[in-house]
1. Return the percentage of antiparallel bridges among DSSP beta bridges fully within the chain, rounded to the nearest 5 %.
2. Please report the spacing between the Cα centers of segment 41-109 and segment 161-203 in Å, no decimals.
3. Relative contact order (percent) for segment 1-121, with alpha-carbon contacts under 8 angstrom and 6 or more residues of separation?
4. Taking K and R as +1 and D and E as -1, what net charge do the other residues with C-beta under 11 Å from the C-beta of K25 add up to?
5. Rounded to the nearest 0.05, what FRET efficiency is calculated for N263 and R219 with R0 set to 45 Å and r the Cβ-Cβ distance?
6. Give the longest segment of the chain that steers clear of GluC sites (Glu not before Pro) in DSSP loops with at most 11 neighbouring Cβ atoms within 10 Å, not counting the sites themselves.
7. Return a whole-number percent for the relative contact order of the chain, with Cα pairs under 8 Å and 6 or more residues apart as the contact set.
8. Roughly what % of Cα-Cα distances in the chain sit above 24 Å, to the whole percent?
Amino acid sequence: MRTIAHISDIHFGRTDPKVVEGLAKDLAKREPTVLVVSGDFTQRARERQYQAAAGYLRRLPRPQLVVPGNHDIPLFDLVRRFFFPLERYRRLITADLRPVYQDEELFVLGINTARSFTHKSGWISEEQLLDVKTRVCEQPDNVFKVVVTHHPFIPPPRDPRADVIRRGARYIDEMEDCGVDMLLAGHLHLAYHDDLRAHYKAAKRSILSVQAGTATSTRRRGEPNAYNWITVSPGSEGLCTVAVRAWNAKAGYFEESLVTRYNRVNGEWLREKQVPVDELAEKVLVEHPPAAVPPKTGL
Ligand SMILES: [Fe+2]
Ligand SMILES: [Fe+2]
């Protein structure tokens with residue numbers, strides 16, 4: 001069994017300091033196999049925001065696998081945006097834009113889906129796609145294979161028209177032959193997950209698509225700050241548990257709020273059991289009621 005702490009959209013520059021400290025404390029008690037950060041380290045890709053994010057990452061468990069998000073490319077500084085879009089990311093977070101974590105049971109690969117030419121949308125280039133295929137296809141069948149992007153492949157249930165990765169069907173068509181088991185993403189500041197085939201009817205392989213909410217940003221979309229604690233079993237059959245750990249504002253700590261278990265039967269991910277939002281989580285939701293109007297700017 002392997003464990004993944006999946007955090008996303010920490011957005012230094014727009015964080016709640018209590019939540020930032022609470023997350024570090026919660027993660028310090030845990031020893032994930034790997035900590036994944038699926039992008040949007042900063043609010044506006046400014047030097048000081050990057051420095052704060054980099055300092056924070058140094059406090060979190062290792063090993064870490066990170067990818068940039070759309071907010072990690074400058075928006076208003078056009079010279080940086082088009083000529084050195086990820087210079088600060090590469091200098092202060094990591095120079096590796098093709099990160100990999102690997103052991104004998106788990107393989108995790110990160111892809112940069114942020115682009116200078118668009119403020120919000122996510123893309124994968126032909127070169128990246130070939131790289132993913134090559135490296136994922138090389139892995140043995142008994143290794144659990146995960147691909148991390150900032151932009152999600154599937155929309156949240158409550159917003160089916162949300163901004164998902166462009167040309168997703170084409171990427172899936174290429175990737176599924178290599179035995180990808182799970183996709184991890186963020187971006188929409190909502191925690192949700194499903195079998196990819198619920199949205200891509202032509203997809204042949206059952207792949208679990210898991211999104212994390214924003215771990216520390218104040219720009220929530222009606223959900224408390226949260227991250228995912230994921231356990232996976234390698235091999236074609238097995239169990240996967242996605243536990244959402246949400247910020248309890250009243251108590252001042254992160255705690256388990258919703259746990260979903262998937263069982264893979266004959267290659268198909270079946271949602272076995274979902275523990276409903278407990279009383280405590282309901283209280284948290286009441287404290288962060290759903291926003292009436294979604295934010296106009298990109299996440
Ligand atoms: Fe984003
Ligand atoms: Fe974000």
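1. 65
2. 22
3. 25
4. Cβ neighbours under 11 Å give a net charge of +2.
5. Efficiency at R0 = 45 Å is approximately 0.80.
6. Values: sites that count: E104, E138, E237.
The segment 1-103 is the longest one with no such site.
7. Details: 701 pairs, mean separation 54.6, N = 299.
The value is 18 percent.
8. Counting pairs separated by more than 24 Å, the tail of P(r) holds 47 percent.
Here, each number is a calculation from the coordinates, and none is a lab measurement. Please read all numbers here as calculations on a predicted model, not as lab measurements. Virtual Cβ from ideal backbone geometry, glycine too; neighbours counted across all protein chains shown.
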